[in-house]
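Since the structure comes first, as structure tokens, the remarks are kept for the end.
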């Protein structure tokens, strides 16, 4: 079964919205469809303040050269069909041509909108990060994807993925049982809401001059290539 928000943004959005500076995000409105909420806090009235922290914090470790001139931020859900399609059809070539060459660095952030297993899978990836293997586990999750809310991301399977990427199983299990990384997932979800996201995947490309380019859905390689090359020419 395909989750409606991920289907809509993955298949229906073909345009790329360019925002000239990250301060322009001040006018975005929050959504209210997440299944997981952060600890309630008192909100000041007025629009949500978007800063560079909204993009750079509450996510994965940086993949690539930390000094790369361009940053690619992906908001994804490990159960999302179109996130999986992007991973298998586009991501490898993008990483090979832009990340491995030091031109782009990548941050993955959670937007767990599909179901309970989305949260559990995201938590497992952060537990793998404790052992320096976030990206190995991230890849393993997408490699084992078989659908949405059908049980492939069960606790038993997540434990097997941990074995496959060479994690210390006792440490991983304790991390999962302690729900150690609940707050980072909740905060990342809040960041997605503050940015007005309603589906996955969603991408933000941050150029050398802090110009933000938003890409909705699993767009093809040439969409990212065109934006990357444009930013690198500056």
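The values are calculated or read from the model by the stated rules, or taken from the named source; none is laboratory data. Treat the numbers as computed from the prediction; the structure is a model and nothing was measured. As a convention, Cβ positions derive from the backbone with ideal geometry for all residues, glycine included, and neighbour counts pool all protein chains shown.
Just a few scattered comments:
- Set 128, 153: member being more than 24 Å from residue 62 (Cβ to Cβ), at pLDDT 95 or above and either surrounded by 24 or more Cβ atoms within 10 Å (Cβ to Cβ) or under 12 Å from the mean Cα position of the chain (by Cα) (or both): 153
- Test: residue in the stretch 71-92 that is over 17 Å from residue 201 (Cα atoms) and outside any loop (DSSP other than H, G, I, E, B): no
- Hey, residue 214 more than 30 Å from residue 158 (Cβ to Cβ) and modelled with pLDDT under 95 or not: no
- Per-region count, the stretch 107-118, residues assigned to a helix (DSSP H, G or I) and surrounded by fewer than 24 Cβ atoms within 10 Å (Cβ to Cβ): 2
- Filtered residues of the stretch 151-178 (kept if outside any loop (DSSP other than H, G, I, E, B) and in contact (Cβ under 8 Å) with a residue 12 or more places away in the chain): 155, 157, 158, 159, 161, 162, 164, 171, 172, 173, 175, 176
- Complete set of residues in the stretch 195-218 that are surrounded by 19 or more Cβ atoms within 10 Å (Cβ to Cβ), in contact with a helix residue (DSSP H, G or I) (Cβ under 6 Å, 6 or more places away or on another chain) and farther than 18 Å from residue 98 by Cα: 199, 200, 201, 216, 217
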